[in-house]
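To keep things clear, I will list the structure first and then write my remarks on it.
All of the numbers you see were taken from the coordinates with simple rules; none came from a lab. On a predicted model such as this, the values are computed, not experimentally measured, just so you know. A quick note on method: Cβ atoms are made from the backbone with ideal geometry, for glycine too, and the neighbour counts reach across all protein chains shown.
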4 protein chains.
Amino acid sequence: MQHVQTDMQACIDACLACYVTCHSMLMGHCVETGGEHVAPDHVRIMAACAEMCRASAHIMLTGSPLHRHSCRACAEICEACAKDCEGMAGMEDCVRACRHCAEECRKMAA
Amino acid sequence: MQHVQTDMQACIDACLACYVTCHSMLMGHCVETGGEHVAPDHVRIMAACAEMCRASAHIMLTGSPLHRHSCRACAEICEACAKDCEGMAGMEDCVRACRHCAEECRKMAA
Amino acid sequence: MQHVQTDMQACIDACLACYVTCHSMLMGHCVETGGEHVAPDHVRIMAACAEMCRASAHIMLTGSPLHRHSCRACAEICEACAKDCEGMAGMEDCVRACRHCAEECRKMAA
Amino acid sequence: MQHVQTDMQACIDACLACYVTCHSMLMGHCVETGGEHVAPDHVRIMAACAEMCRASAHIMLTGSPLHRHSCRACAEICEACAKDCEGMAGMEDCVRACRHCAEECRKMAA
């Protein structure tokens, strides 16, 4: 990832890590655990968060200053996903990835 | 697209149409025309806009109310892309698609 | 979508329609119905098919002849998704979209 | 990325690294260098490769065995992108990322 501005690298890394965590936990932990883990609202938030993180990283990687709009949206969606996952069994990694991504995105959106 | 709420359908359609227009014009008209059409800032805005529109449609299609954050970002990015393309030869379709998408997204973000 | 070669348009349309159908039915019908509709294998196939269709359309829209590789993969994945959905209640639209997309992609891969 | 099967992890990592390299070099090095770096065929191959790598990683992360189809397509497209970039000034990182991704994808497609 050496081809992008250094000051954005932490945010791109956080977005890609959060994308991988949300998407793989939804397709792994959540669908295998069932119950509240496949409740419509939970599945939708996880899928929305994975997509927004992926798009946020992609837009930063374009190098366009428009990334501040997508980073702002990503921060909001990650924060909502962290809140939704909090207290659900086995979702600690997701909460952590979302919180970290939200924090990095808020910096880039400022 | 009959599986999503009717009141969102116009916005999903506008986002997908704007994604297809930005992405295909960048890969077609812009790279074939060259000059200002492949200027770094123009390429980056077109690519960022295509990605945000694609993600915005995807997040609405999840059915999560979090779409209002991505729609807000999409409206801003589409508006910026329309402004950038305005006055460039042969970019009228892109300006139109971006303006329409921005308008629909602003409604969904409200 | 007037900016791409006419002979590809039917396939791009079929891929985007299949993406929208798989993704929105997974997030709508499947998560609301529960039971076999949220079985791990079913969710994974639907998500994989939605992504492959989206990527297949995107790669055709670049205008690169490399699309024949992605179209071949898309045809296989759509066919597998159609088989998985066949006989599941309320999945007729998905079966139809996948079969149609597989057929169009096979033509483009030839 | 601890939520997916260990034997796939190297391939997922290679796909995401190749996606980031192709996309960021196209938006950075290529559009800034101009000339042959923004020739239509080169831009299209880079964009197609970035998308296929991203989709390949995404489909592996679903956990569906259908990934072997997308990995096969990804191997072909990465190999073609490596060949296209070979001999172009400053594209060594891209050649390397594409070759490595093609190799990992071939293993997963077998």
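A few comments on the model shown:
- Against the conditions (1) in contact (Cβ under 8 Å) with a residue 40 or more places away in the chain; (2) under 29 Å from A:M52 (Cα atoms), D:A47 satisfies every one except (1).
- Every residue from region C:6-54 that is within 13 Å of chain D (Cβ to nearest Cβ), over 18 Å from C:C101 (Cα atoms) and not aliphatic (A, V, I, L, M): C:P40, C:D41, C:H42, C:R44
- Only listed residue being under 30 Å from D:V38 (Cα atoms) and surrounded by fewer than 24 Cβ atoms within 10 Å (Cβ to Cβ), chosen from C:A110, C:A80, C:A89: C:A110
- Once region C:55-77 is narrowed to residues that are more than 22 Å from D:H23 (Cβ to Cβ) and among the aliphatic types (A, V, I, L, M), the residue that is surrounded by the most Cβ atoms within 10 Å (Cβ to Cβ) is C:I77.
- Look at region B:27-41: where a residue is within 16 Å of C:T62 (Cα to Cα) and a partner is surrounded by fewer than 21 Cβ atoms within 10 Å (Cβ to Cβ) and small (G, A, S), sitting 6+ places away or on another chain with Cβ atoms under 8 Å, you get B:H29/B:G90; B:V31/D:A39; B:T33/B:A89; B:T33/B:G90; B:V38/D:G34.
- One residue alone among C:L61, C:L16 is aliphatic (A, V, I, L, M) and over 12 Å from the mean Cα position of the chain (by Cα), and that residue is C:L61.
- Residue in region B:84-95 that is more than 14 Å from chain A (Cβ to nearest Cβ), of a type in the set (G, A, S), in contact with a Cys (Cβ under 7 Å, 6 or more places away or on another chain) and touching a residue at least 60 places away in the same chain (Cβ under 8 Å) present: no
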